[in-house]
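Worksheet for the structure shown next.
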Amino acid sequence: MNRETGASSFLQAQQDLRIGGRGSNALYQYTIQADSLADLNTWGPKLLAEMMHLPGFQDVSSDQQNGGLDERLNYDRVTAAKLGQTAQSLDQELDNAFGQSLVSIIYTQLNQYYVVLEVAPEYWQTPEGLKNVYFHPPGTSSTTASGNVPLAAMASNRTNTTPLALNHTGLFPSVTVSFNLAPGVSLSDATLEIAQMQQKLGTPSTVHGFFAGTLLAYQQSLGTEPLLVVTAILAIFIVLGVLYESLVHPITILSTLPSASVGAMMALMLFKEDLNVISIIGIVLLIGIVKKNAIMMIDFALQAEREEGMSTEDAIFQACMLRFRPILMTTMAALFGALPLAFGRGTGSELRRPLGITIVGGLIVSQMLTLYTTPVVYLALDRLRLRVMGKERDTFNPAKDTVAAGAE
């Protein structure tokens, strides 16, 4: 591979939908802002150097371009005045030497052409061209070389660097450092390392950093995730409570959710996938899929208790036996539907893969556990409910009640 000094190339996949809405040389960005350009010029390179040494960070680059040349001239007005020059005449001569000027227009029958006069490029592309600038004293001919005075006799020059472009985030100047992560490094670890690095740098109060682009979207999604999960569980609890007219049975149904979450996390660890936004969506989907196992069993058990007068133990046992086939069929239908997402290949498969792995892992573990844990939780909560109410049993036997009514 050929290497060009001073040039860097960055390759990344083209994305139709970019999360975070910000383009750069890599997938993730970290931005610092400051009140002055001097602070950015000081801390921008330091931030870039520190992030290059962070473990797990790859393709680290910055959008700060301070490599432009800036040539500053300081006029010696006293010496220039002795030679018959003023600041205005010096500026005009420099403009003639390094600028462009329209000197004529050539007219033809169809078009017109502008004649622009400029110095040959080899004389103005470097600061060395200032040595070839001469001034002639007033009242003398510019073609007389013996009386010309060099610019160096009336001015001193100093070479500095200047930004080629000044980037802004909002209303303030900013510097953005882009980076990729090595395989096996999660975004949560990266954010923690960046926070520790910022404390280590000891930036002043006038310089503050924040995540941008995809990394900012990731943080925002994690910030609202607990509220999203709690809201979903609360909505399910209210709906089930209205359906069964009880506060206990919805808890039994919701007890199946931890097994699905554990299965999803185990599957992600087994296939070495990160817990990203897509896998979190899969966990939220499992909330709606997994609870149907407990609903099918509890619904049948309550019907058997209330209509057939069966005991709680017999009702839930019969529910497990008779509902095993439909539970297995619905679970396998959802599982096989998610297999193409988990093991599919092709364009965009890296985005769908965590979703499929999460659903498949959660369904397998929940199917293995809920058939055993749901009856236990159901019996424990039912006994607790009866104990609080001071009853031993709140069901009735329709056959016995009918015989008793006939005897009376």
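The values are calculated or read from the model by the stated rules, or taken from the named source; none is laboratory data. Since the structure is predicted, the reported quantities are computational estimates derived from the model, not experimental observations. Backbone-built Cβ (ideal geometry, glycine too); neighbour counts: all protein chains shown. Ligands, DNA and RNA are stripped out before the accessible areas are found, and what is left, the full protein with its side chains, is counted by its heavy atoms. Shrake-Rupley method; radii C 1.70, N 1.55, O 1.52, S 1.80 Å.
Quick notes on this structure:
- In order along segment 241-256, the phi-based Karplus estimate (6.51 cos²θ - 1.76 cosθ + 1.60, θ = phi - 60°) of 3J(HN,Hα) comes to x, 5, 5, 9, 6, 8, 9, 8, 5, x, 5, 4, 5, 5, 5, 7 Hz; Gly and Pro are listed as x.
- Quotient of the Cα radius of gyration of segment 305-366 and 2.2 N^0.38 Å, N being its number of residues: 1.68.
- Net charge of the neighbourhood of residue 296, taken over other residues with C-beta under 15 Å away and scored Lys/Arg +1, Asp/Glu -1, is +3.
- Percent carbon-and-sulfur accessible area, the chain, ignoring ligands, DNA and RNA, probe 1.4 Å: 60 percent
- Amide hydrogen neighbours beyond the local backbone of residue 135, cut-off 5 Å, H modeled: 149, 151
- Note on residue 291: aspartates and glutamates with a C-alpha under 17 Å away, same-chain residues under 8 apart excluded, are 299.
- Equivalent ellipsoid semi-axes - Cα gyration tensor, the chain, angstrom: 81, 22, 18
- A straight Cα-to-Cα reach below 29 Å connects residue 131 with the lysines 82, residues fewer than 8 places away in its own chain not being considered.
- Over the chain, accessible surface divided per residue gives 62 Å², non-protein components excluded, 1.4 Å probe.
- Packing-based ranking, highest mean first, of 235-246, 204-215 given that Cβ atoms within 10 Å are counted: 204-215, 235-246
- Here the Karplus relation 6.51 cos²θ - 1.76 cosθ + 1.60, evaluated at θ = phi - 60°, turns the backbone of segment 262-274 into coupling constants of 4, x, 5, 5, 5, 5, 5, 5, 5, 8, 6, 10, 7 Hz, with x for every Gly and Pro.
- Within straight-line cross-link reach of residue 46, lysines at Cα separation under 23 Å, skipping those fewer than 8 residues along the same chain: 200
- Segment 130-269 - Rg (one decimal) and Dmax (whole number), Cα, Å: 33.4, 110
- For residue 281 and residue 98, a Förster radius of 60 Å and the Cβ-Cβ distance give a FRET efficiency of 0.50, rounded to the nearest 0.05.
- Phi to ³J(HN,Hα) by Karplus 6.51 cos²θ - 1.76 cosθ + 1.60 over segment 95-111, Hz, x for Gly, Pro: 5, 5, 7, 10, x, 10, 9, 7, 10, 6, 10, 9, 9, 10, 5, 10, 10
- Relative pair counts by distance (%), Cα atoms of segment 197-341, 5 Å bins: 2, 8, 13, 16, 15, 13, 10, 7, 5, 4, 3, 2, 2, 1, 0, 0
- Normalising the Debye intensity of segment 21-95 to I(0), with uniform scatterers on Cα atoms only, and taking log10 at q = 0.13, 0.17, 0.24 Å⁻¹ returns -0.62, -0.77, -1.17.
- GNM result for the chain, Cα springs below 10 Å: residue of 356, 84, 288 fluctuating most strongly: 84
- A Gaussian network model of the chain, with springs between Cα atoms under 10 Å, assigns the largest mean-square fluctuation among 79, 169, 161 to 79.
- Relative intensity, log₁₀ I(q)/I(0), of segment 161-211 from a Debye sum that treats every alpha carbon as a point, q = 0.18, 0.21, 0.24, 0.32 Å⁻¹: -0.80, -0.96, -1.07, -1.26
- GNM flexibility winner over the chain from 110, 369, 328 (Cα, springs under 10 Å): 110
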